[in-house]
Structure formats: C-alpha cells, structure tokens
1. What's the number of the condition A:K39 fails, among (1) at pLDDT below 90; (2) in a strand (DSSP E or B)?
2. Suppose we filter A:N159, A:N147 for residues that are modelled with pLDDT under 80, within 14 Å of chain B (Cβ to nearest Cβ), part of a loop (DSSP other than H, G, I, E, B) and under 30 Å from B:R512 (Cβ atoms); which single one remains?
3. What is the number of the single condition among (1) in a helix (DSSP H, G or I); (2) open to solvent by 50 Å² or more (accessible area, probe 1.4 Å); (3) charged (D, E, K, R) that B:E389 does not meet?
4. What pairs come up if the first residue lies in region B:579-596 and is assigned to a strand (DSSP E or B), the second is small (G, A, S), and their beta carbons are under 6 Å apart, counting only those six or more places apart or on different chains?
5. Just give me the residues in region B:551-568 being away from chain A (no Cβ under 14 Å) and modelled with pLDDT of 85 or more, in sequence order.
6. For B:Y6, which of the numbered conditions (1) in contact with a Pro (Cβ under 8 Å, 6 or more places away or on another chain); (2) closer than 19 Å to B:S104 by Cβ fails to hold?
7. With the checklist (1) assigned to a strand (DSSP E or B); (2) within 12 Å of chain B (Cβ to nearest Cβ); (3) surrounded by fewer than 16 Cβ atoms within 10 Å (Cβ to Cβ) in hand, flag the one item A:G94 doesn't pass.
Amino acid sequence: MKDKSVQAVNRHQYVVFQIDKEEFGVEILRTQEIHRYTKITRVPNAPHYVKGVINIRGEIIPVVDLRQRFGLESSNIQESTRIITVLIKDYQIGLLVDNVNEVLWIETNAIELAPSVAGGIEKEYLSGVGKIENRLIVLLNLEKILNLEIATNEGAQIN
Amino acid sequence: MDMSQYLRMFLDESEEYLQTLNQSLLELEHNPSDEQLINNIFRAAHSLKGMAATMGFDRMANLTHEMENVLDRIRAKKMVLTTGIVDILFKCLDRLDKLVKEISHSGAETSEVDDIIELLQNVDSIKDGAASPTVKSTSVEVDLMDTNSDEQSTIISHLKTDYYCYVLDVELVKDCLLKAVRGFMVIKNLKEAGVVVKSIPSLKEIEDEKFDYEFKILYLTKESEKEIESIVTDITDVKGIQIVRITEDNLTGETGPYIENGIQEVAAAVEVASEESEESNAQLTQQDLKITPTVRVDIDKLDSLMNLVAELLINKTRLEEISNRMNVSNELFGDILQQLDRVTMNLQHTVMQVRMVPIERIFNRFPRMVRDLSKELNKKVNLIIDGAETELDRSIIDSLGDPLVHLLRNAIDHGIEDPETRKKAGKSEFAELRLSAAQKGNEILIQVTDDGRGLDAKKITKKALERGVITRDDLTKMSDHEKIMLIFRPGFSTSEVISDISGRGVGLDVVRKTVESLDGHIYIDTELGKGTTFNISLPLTLAITQALLVKVCDETYAIPLSVIEGAEDITAEQVQMVQGQEVFVLRGHLIPLVWSHKLLGLSIPDLNDNTEQLSVVVIGTGKKQVGLIVSELINQQDIVIKSLGEFLIDVPHISGATILGDGEVALILDVRNIA
C-alpha cells in the first residue's frame, strides 16, 4: 500500500457527494456552502461544462456541471440535486452534483493513489481514492479540474 | 516605537510631496524667478525631510537636506537656476521616488544616494563661487515670510505705531538638554516686550521640542536691538542671536545690501498686503483651500461600502417587485418603500461621490514625462492640460495611468514631427500636445490630441498586410476609419525603427484592452498632416449604471444605456440586404443589423409570434452604429454591475452580470465589439 500522505495531519474531513452511482469527495476546508438547486442563468459562449451563474446573497458564482466536465451526460435536476460552493484561488465556484451524502473523516493512510481511471474520470483530475470499509470515495483535484480548462480556454478566446 | 501605523501615512504623503515637487520644479524651469514656486518647493522638500527623519529613513532625509541646500542658494539668488541644475534636481526626485517605492515594498531603503548627494554638493561649490557659504538653515526664512493676511495686517498696523519689525535668529548651545523649555522661555520673555508674530518652527513645535538648535521669530517691538539681545541672551543655553531689522525703506522696496533675501520677501509681502490686500487675500484663501483636512480611507473599505450599498439597492428593487406582484395597496407600505428608495438613492450617490477623485491624480505626472521624453527625442512639445479637475471613480483612475502614458508617448514619438520637419510643413516648431478630460452626461471623455503628422490609412494598411494582421480580402471591405483602427490590433507597430519608448507593437493593443476592461471605448479622429486625437470615453463609475433590460430567447440581458443610441421597432420588410449584410435605414443612415441570438450562439430565434415586428436596439460604438435585434424590450433600470469572476472573464460579448428584482441573474451584454 502506497501512502499518499502529503500533510502532517493524518486524517481530513471530506464532503462526500454522489454523481451517478459513484461517490466523490472534496476536502471540507475547501467547501463554503451546500445549496439546494436554484435557477441557473446560462452564460452563452462559456465552456460547455459551465452550467451558468447563480446568485448567492448578491455574489455571482459560476456553476460547473461536474458530469459534463467528466464527459458524462448532463445532469437531470432532481429533488436531491445540490450545488456545493468551493473556494479556488480566492474565488468561489459552484459544483453541481446529484446528491450530497455526508461528511466523513478519511485517514491519510486510507487514501490510495488514483488508478488510471476512476468513475469514468481520468487520473489527472483525481488526488486519490479514499477507502472506508467497503466504500471507495474518489477524491477530486479541484485545481486540475478547473484550472486546466481555464488555461486552454484563455488561449482560445483571445481575438 | 512602532512606526508601522505611520508608515502608510508617510508613504502617501511622500508621494504627494514628490508630486508637488515635480510639478513646481517643472513650472520653475519656465519661470525661474517665481519666488512663490521656490517657496512651494522648499516647503515640500522641508516637510519631506522632516517626515523621513522622523521615520528614520536617513537616506531620504540626507538627500532632501542636500536638495534644500541647493534650493536655498537659488532662493537667495546666490545661484542661477540652469537646466543642468533642474536636471540634477529631477534626478534627485527620481531617486527619492525610488526610495519611497522601496520603502513601500520592503520597509527599508536599499538604493544608495551618495552619487546624487555628490552631484548636489558639486552644484553647490561650482555655482556658489564668490558667495559666502554662511547660510546654515534652509527653508526657515521662506516659511517665516509665508505670513497670512492677519499677520500681515498686524505687522502693518504696528509699524505705524512706533513699533519696529525684526527677524530674530535664536541659536541654542548644542548640548542644551531642555530645548523646549529654553525655546519657550525665549518666546515668553520676548512676548513681554513685544509681539511675536510668527516663529519657525511654530510655537507649538518649539514647545514639543521639534526643532534643531535654532529657530526664527518674526517680532514686533518698541525696544532697540540691544534690548532684545539682552532679553534673549539672559536665558541659559542661548548661544547667540542675530537680529535683522526691517525698516520703512525695506518696506517700500528699497533693500539695503545687508539685508537677507528672506527679509526682502517680508517687505514684498507687506507691500503687497498694503496695496493689493484683496488680491493677496484671494490668493491665500486659494492656497488654504488646497490643504483642507481630509481623512485617508483604505480603498478596500470604500469598495466594501459600495458593495453593501449595491446589495441594499438589489434588495430594495426586490421589495418593490414583491409589492407590485402582490398588489399591496397599503399606504404605509408604499410610504416606507418610497423612503427606502430615497435613502438608498442618496446613499448610493454619496458613496459614489466619495469614490470620485480628480483625474489630476494621474495627469500631474505627465508634464514631467513629456518634458523628459521630448528632450530625449529632440522634439519641441508644449503640453496643455485641460479639465484636470474632472472627477472619476478611483478604481478607474488607477488603471487609466498606463494607457494614457502609452498614448502620450505614442504622440510624441510617432505623431509629432521633429522641429525641422514641422518648420518645412509651415507649422510652429513647438508642437501642441493637448490632454483633456470632461464629463459628458454619464460618461467621461478623455482626449489626447497632437498637431503632428496624423495617421496615414495607406501606411497603416500596408503595415497591417506585411504583418499579417489582415488579409487583402479584409481590406476591400474596410472604411478609412476601420483601416485606422487597425493600429489597435495586437502585433501592430508603424514605427520603422523600434525604439524603447514606443513601437513595441504592444502599446495600443494594450491601451484598447485596458479601456474596454473599464467598460469604456476608444476611437480616433485624424487628419493627415494636421494631427490626431485619441478619444477615450469611460463610464463615471464601474459599480452602478443604468441599463436597458431586454429579452433574448426567453432570457433577460442588460445593455448599458451608455452605449445605446435608441430603440426602434421595425417590420421585417424594412430589413434589406446590402453586400450580404442585413441592414435597415434609420433617418437616412444604413445601419447593419445583428441578431442577438446568433451573437450569443443561442439556437432558437425565439421571436414573438408576431415575426413581422422586430425590436432593434441601436448601439453606438464610437462612430459606428449597429442595430441589435432582440426578442423583446423590457424596461430601463439601475443595475449593479457584478463581475463574473476570473473563471468566466473571457466569455465573448458578456461583460458581467447583475441581479434582478426577483433575485435572478441577468447577464450584461458587451456590445461594443459587435459587427
């Protein structure tokens, strides 16, 4: 078993959410709030996985549809659909997910290196896979997921 | 002692003093005999020295001290102000500026100042020559003579009643331990025998021990010089006193050779006061106005205040919307809403006012830049600044500096010809470069005008083709104005020789980007051989603006009113095709049409059932007009502009978002680049 202990603290809390049948986690320290689905205003000409923008207490926050980001079918809005706002490099981004399950402690040594593909998602977007009893929780690398695309996007938009 | 809380203040003030110094020095170069200007420079240099010394920045203090010495000689007419000296003084200011920047970055001075100090000292010895180097203190006499009108009238009235006027220079021994007490005693004893009009440093400063070992007093008394001397020297620790009497003769302008320059000024000041007291009063009041006390506020605090007001505005709008929807006809409720409306409006207005600063802030640094640049390029340029008092939102002003620098450099480097060429063309050797700002309705118009060679559309297109900025096909469709606008394209530079001043091919491109990021636009008027004007129009503020709400495919968008020239309902028959472009005729002008859903990449042209009728918003972009076809016009409303954040910053045709009364988000259309 290879350790992926990057930090000194040996366990972290993760917000665990669901997309399709797969469970994913983001570090709780990165998350701001969890919102029920609210109307999203679409932004024309934006990258395809940007569902649009929402208003949270006067702040305009872009919402990323993680399904589309991972190349899955776009989400059906259900009762359980949530928007998790996370803080990335000082600005907030909303993640559209099917369901938010719980908050879990995951031991650092229970996190394994990501396999090449997990839950249909390529390795580079993952920071590891957390194991809790029988469950496998795919931990996301938010910077990669959002940044990478920003870079290529900027290149394309200059005209 | 913890200085950190003063550091910020120190930095701010230093910057202001340096700006004053730069400005006054420039003016002084043109009017070397203007004593008022020399006094201004003195005061600023002196204050700077004092502040630097208090904060423990010795290099700054030393440098300003040497500078003061040079200025002192100029003021005392022991040295003639030459361009060489001005250059050295400017170098000195540049170094000071550098030091201030270093302090603001790292909290410490890193640049050496010895080289400049040496320059300053050399100026001293070379130019000073015959004059005896007796002047010890520096700005003291000048400040002493900076009497206000009350003081002047005191002097005049006393002189008429057998009083004598003296300038006393009291020096304490160096190891004096209780300077403040001794100083206080000197003044107290003098007061018993006459009137202390003024002292440098001020009485308060003397009591606070804020002086070196000497201070000066402007004194009125009936006693003789001997008497005064004994009053003062009786006090312990007083090393000596110099007394200079100001006589009637001096007052009428005849100055004896023994009299120091400072006293001439007193005479002059008094004379002015007696003969043209009104005028000098007016002058003095004007000066007073310039130094009205202000509170320095962190710009971040203003930003958050603005955000709060914006939030309040949004909620007010929501409340109004709810009241409309519920059809509440409660009188009280209506009253409260009206009150709320009034208060939020006033609040918004006031906050905006607070954020406004005169554009002077950035204009002030240009005379210096233009001077240096025109010298370097051997061009003769007369910079004229208009409307420096025009006010703009602070955040806009801060980002406007660089674009204007680019435009001015560009004008001097490319626009303005060298003096010979100008002569041959029958123009004055001195080129006129005009920088002006003015408010036009809800916009600010900033113009940079030169009377140089003007832009040549042919040369521009040739260059654009060479650089691959455009193709020949593009060219055939372009109007002259469009051809000229090519200079704003990335990678374009018309200069044959690429200099380090301009001509890196990035300048104008960046200028346009910056202006547009501020929600403004830029266009050019030019005439070959006559000159060029760059026009920049900007919104008054970035945060709140009036907008027209429209529907495009069932979604609401906002278009800022500043770009809208009108709204028209036209029928489908009015749409004509000209060269593959849909157009319609408005008051005799052909106006190209753009479908908003196509612009936004939306699929369904969701027109009303009545496709016969088209709603067109006429957008004015500089000189061009474009008709934007939308599904529906909704209404006009104050909107609070919000950024979409870095994540979506480059989305074409969308410049931001706003929150509507029902809490939904509407995107703001950026229509300046369409068509």
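1. Condition (2) is where A:K39 drops out.
2. On the way: A:N147 fails: part of a loop (DSSP other than H, G, I, E, B).
Sole residue among the options that is modelled with pLDDT under 80, within 14 Å of chain B (Cβ to nearest Cβ), part of a loop (DSSP other than H, G, I, E, B) and under 30 Å from B:R512 (Cβ atoms): A:N159.
3. (1)
4. Note: pairs meeting the criteria are B:I591/B:G627; B:P592/B:A675; B:L593/B:G627; B:V594/B:A675.
5. If we filter region B:551-568 for residues that are away from chain A (no Cβ under 14 Å), which is where we start, we get B:559-568.
Of everything in region B:551-568, those that are away from chain A (no Cβ under 14 Å) and modelled with pLDDT of 85 or more turn out to be B:I559, B:P560, B:L561, B:I564, B:E565, B:G566, B:A567, B:E568.
6. (1)
7. Among (1) assigned to a strand (DSSP E or B); (2) within 12 Å of chain B (Cβ to nearest Cβ); (3) surrounded by fewer than 16 Cβ atoms within 10 Å (Cβ to Cβ), A:G94 violates only (3).
Quick grid of which residues meet (1) on the phi > 0 side of the Ramachandran plot; (2) under 15 Å from the mean Cα position of the chain (by Cα); (3) away from chain B (no Cβ under 14 Å):
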| position | (1), (2), (3) |
| --- | --- |
| A:R11 | no, no, yes |
| A:T31 | no, yes, yes |
| A:T38 | no, no, no |
| A:H48 | no, no, no |
| A:I60 | no, no, no |
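The values are calculated or read from the model by the stated rules, or taken from the named source; none is laboratory data. Bear in mind the structure is a predicted one, so any value in this text is a computation, not a measurement. Positions of Cβ are generated from backbone atoms using ideal geometry, with glycine treated the same way; all protein chains shown enter the neighbour counts. Surface accessibility is based on the protein's heavy atoms, side chains included, excluding ligands, DNA and RNA. Shrake-Rupley method; radii C 1.70, N 1.55, O 1.52, S 1.80 Å.
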